[in-house]
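See below for the structure under consideration.
The values are calculated or read from the model by the stated rules, or taken from the named source; none is laboratory data. Being a predicted model, the structure only gives us computed values, none of them experimental. Every residue, glycine as well, gets a Cβ built from its backbone with ideal geometry; the counts of neighbours run over all protein chains shown. Remember, those area values only see protein heavy atoms, side chains included, never the ligands or the DNA or RNA. Shrake-Rupley method; radii C 1.70, N 1.55, O 1.52, S 1.80 Å.
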Amino acid sequence: MTEDWYVVAIVALLPLTAGMLVTQVNPYHALVIRGILGAVAALVYALFGAADVALTEALVGTMLSITLYAIAVRSSLMMRVGVLAPETISTSGEAEIVAVSEIDRSHPTAPVLSALRQSLGKYHMRLELVTYASPLALQAALTTKDVHTIWLTSKETLKSEPAESPASDSAPVYQLQTRVRRLYEILQGQLPPTAELVYVNPTDSSGLKKPPEMGMSDDSTETSS
Amino acid sequence: MMNAILITMILALLLPIYEAWQDDNIWQKMLAFASIATKTSILILVVAVLRDDWTIGVVGVLILSVGNAALMLLAHVLRRLNEL
């Protein structure tokens, strides 16, 4: 009976950390708190003499599940934006990921990029820029669901899609075409006036043959918030 | 004497839990996680010595050494997240 009090004090830490875990809204913070919960749970199990359960909790519950979930959250909470490569890079035909820090701050695209990043940050999403060599490759990447959104300037819009030419007299310089309805709802009204947002339905935008609806990235983005 | 050590350790365990709760920076939370992971495994070792139970002691040593591996894996994933 004399050793009961510290058992109670330690076991009381378990609902405390569990309450912290379920009140987190940021998924990455929740992962770290899950690690704390796993450490406290391993302590409680070892305290009750279940050494094997404590070891399993520390190895699987804390190490493996947190790492796997961190990779899963990192690759699903992301918006891929296809952009045209600058003239110097355009000789290499392959898509290539640009580090965001390389973008010049004084460039006219900077306010649009920061507005994008800010409005995506409310939903704990990241922005990833993928460069393509030509406007045709950009459109193909959108229709084959390689990217979620493509970034065009007005004259490229005219070149590639003559059907949308009446929109060319308006002020926006950049046009962002997205194929995900939920991204369109999130970004609507958040962009500066130099950019306009257009929702394109991938099923009727071109005559390309598409694979049957796998919807992996679509579903993860739509249900994430 | 052992009771005083246990009280001190449980109170010291509450400090990083509070820090992980109130700080919004992800790296501060990681630091609190590291602190809690080490403190709980040391607490397991103390309880093992207190009860003279070698099974719990071996598990405490394993958790103490492996828990930091989980921390490093998670820190690498988070660091690449901020770079991209």
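The relative contact order of chain B, computed from alpha carbon pairs under 8 Å that lie at least 6 residues apart in sequence, is 24 percent. In nm, give the distance between the simple-model label positions of residue A:12 and residue A:123, each being 7 Å from the Cα along the Cα-to-Cβ direction. Here the modelled spin labels are 4.2 nm apart. Taking the C-alpha atoms only, the angle from helix B:2-22 to the longest principal axis of chain B is near 10 degrees.
For the range B:64-80, state which residues have at least 40 Å² less accessible area in the presence of all protein chains than in their chain by itself, taking the probe as 1.4 Å and leaving out ligands, DNA and RNA. Residues shielded by partner chains are B:66, B:70, B:73, B:74, B:77. For the range A:4-74, carbon and sulfur atoms together expose 76% of the accessible surface, with a 1.4 angstrom probe and every protein chain in place. Per-residue SASA remark: residue A:57, around 40 Å² accessible (1.4 Å probe; ligands, DNA and RNA not included). Rolling a 1.4 Å probe over the protein chains gives residue A:123 an accessible area of about 80 Å². Computed with every protein chain present, the accessible area of residue A:83 is close to 20 Å² [probe 1.4 Å]. Chain A contacts chain B over a buried accessible area of about 3400 Å², both sides summed; the probe is 1.4 Å and only protein chains count. Measuring heavy-atom accessible area with a 1.4 angstrom probe and counting protein chains only, the residues of the range A:1-47 that give up at least 40 Å² relative to the chain alone are A:5, A:6, A:13, A:20, A:28, A:29, A:32, A:36, A:39, A:43, A:46, A:47. Calculated mean residue ellipticity at 222 nm for chain B: -32500 deg cm²/dmol, from DSSP H runs with n ≥ 4 weighted as -39500 (n - 2.57), summed, divided by the residue count and rounded to 500.
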